[in-house]
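**Student:** Would you mind keeping the following structure in view while I ask a few things?
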Amino acid sequence: MKKTMLKNVDWGGLTIVNLLGVLAFPPYFIYLMSLAALTASGFLWTTHLSEADQGRFVEFEKEFRKGYKLEKAGQFKVARDYYEKLKKRYADHPQANHLVTLQIEKLTAKPEKSPKKLSAKKSSSTKTKRHRS
């Protein structure tokens, strides 16, 4: 008796379901559905990553606020040192790193003058110019 493929292979239920699936669904349909599943899973993964990144940025904002309060209290050197620590901690987060760098540059430019004192000087010089005219 001649051996055929049916007698050589153990035909399980999964194999038969696979063969019936190929008959029921053409290969292009399976290809499109697998691409759709991969795209959807990629979308879910990036959504999860952006949520985690957003949570980390909210955490950064809370810490950044502490430095801002130090700055408003007139403790510019302490605030600048605090921002330096934040810059190291959030070096891999582009938005946080950019904000901290801007604050450090602002404090390094004029560490002894607060924004309130600067605006008071500008308004007083404007008033004296008006009186002279």
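**Student:** Net charge near Asn97: determine it from the other residues with C-beta under 11 Å of the C-beta of Asn97, scoring Lys and Arg +1 and Asp and Glu -1. Each step should come with its number before you reach the end.
**Tutor:** Working: positive: Lys87, Lys88, Arg89; negative: Asp92.
My count for the surroundings of Asn97 gives +2.
**Student:** Ok, one more. Based on the Cβ-Cβ distance from Lys72 to His93, what FRET efficiency comes out when R0 is 25 Å, to the nearest 0.05? Can you show the working numbers first?
**Tutor:** Working: r = 24 Å, r/R0 = 0.96.
Given R0 = 25 Å and the Cβ-Cβ separation, E is 0.55.
**Student:** Between Glu51 and Glu84, what is 0.36 nm times their sequence separation minus the Cα-Cα distance? Round to one decimal in nm. Please list the in-between numbers first.
**Tutor:** Working: separation 33, 0.36 × 33 = 11.88 nm, distance 2.59 nm.
Separation in residues times 0.36 nm, less the Cα-Cα distance, equals 9.3 nm.
**Student:** Sort the following peptides by mean Cβ neighbour count (other Cβ atoms within 10 Å, averaged over residues), highest first: 92-102, 53-63, 73-83, 16-26. Don't jump to the answer; show the numbers that get you there.
**Tutor:** Working: 92-102: 14.6, 53-63: 12.6, 73-83: 16.7, 16-26: 10.0.
Output ranking for 92-102, 53-63, 73-83, 16-26: 73-83, 92-102, 53-63, 16-26.
FYI, it's all coordinate maths here, none of it is from the lab. This is a predicted model, so every value here is computed, not measured. Please note: Cβ atoms are built from the backbone with ideal geometry, for glycine as well, and neighbour counts cover all protein chains shown.
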